[in-house]
Amino acid sequence: MDGLEGRRQVYILAATNRPDILDPALTRPGRLDKALYVRLPSAGERGEILKTCGRRTPWHPSVDLEQVAKDQRAEGFSGADLAALVRESSLAAIRSLISRPEQANFSAPLVTMDHINFAFTRVKRSVSIADEKIYNALRN
């Protein structure tokens, strides 16, 4: 950060999922001295994240992303975990189409709840409950 003193409106942002191992020299005043904690999303926020990550995904009309977000299996999912869930669901839809080429209609396969359920078996939360407790303690 040396040499930035004469510059105006220059901000340095950094992100980590391991604040517990940051070198204290980085967090002293004049360095990265403001810490912002971004908690894991709530069920409602997970729904918004799923809608955003899946805006180009061809969903079957029966798929309710709000319900997926409220599913107990999505509890503790980060935004990255939810994006992985959408990707894995889409891949499952493509795989099911490839395995049954006679049903192909040359359009994108629709992602169904079966595909989402399969994706839940592959995608797990990346922030453990123990780590979440540590982060919450650091925030306080």
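The values are calculated or read from the model by the stated rules, or taken from the named source; none is laboratory data. Just so you know, these numbers come straight off a predicted model, no measurement behind them. Neighbour counts are summed over all protein chains in view; Cβ atoms, including those assigned to glycine, are modelled from backbone coordinates with ideal geometry. Ligands, DNA and RNA are stripped out before the accessible areas are found, and what is left, the full protein with its side chains, is counted by its heavy atoms. Shrake-Rupley method; radii C 1.70, N 1.55, O 1.52, S 1.80 Å.
Observations on the model:
- GNM remark for the chain: springs join alpha carbons under 10 Å apart, and the peak mean-square fluctuation among K70, K51, K34 falls on K34.
- Magnitude of the charge dipole, the chain, Cβ model with Lys/Arg +1 and Asp/Glu -1, debye to 20: 200 debye
- Acute angle (nearest 10 degrees) that the helix 43-53 long axis makes with the longest principal axis of the chain, alpha-carbon atoms: 70 degrees
- Residues with amide H under 5 Å from that of W59, placed H, sequence gap 5 or more: V111
- Y135 - accessible surface, heavy atoms, 1.4 Å probe, Å² rounded to 10: 30 Å²
- Taking the chain as a Gaussian network of alpha-carbon nodes connected by springs under 10 Å, the highest mean-square fluctuation of the residues G76, G30, G54 belongs to G30.
- Taking every protein chain into account, the accessible area of the chain amounts to 72 square angstrom per residue (probe 1.4 Å).
- When the chain is treated as a GNM with alpha-carbon contacts under 10 Å, the residue of A35, A84, A43 showing the greatest mean-square fluctuation is A35.
- Ranking A80, Y135, L110 by Cα position along the charge dipole of segment 68-140, where only Lys, Arg, Asp and Glu carry charges on their C-beta atoms, puts Y135 farthest toward the positive end.
- Projected label points at L138 and T16, each 7 Å from Cα along the beta carbon direction, are separated by 0.7 nanometres.
- Expressed as a fraction of 2.2 N^0.38 Å, the value expected for a compact globular protein of N residues, the C-alpha radius of gyration of the chain is 1.41.
- Note on segment 1-72 and segment 82-99: Cα centroid distance 25 Å, given to the nearest whole angstrom.
- For the chain, the longest principal axis of the C-alpha atoms and the axis of helix 113-122 are separated by about 50°.
- Accessible-area composition of segment 21-129, carbon plus sulfur, in percent [1.4 Å probe]: 58 percent
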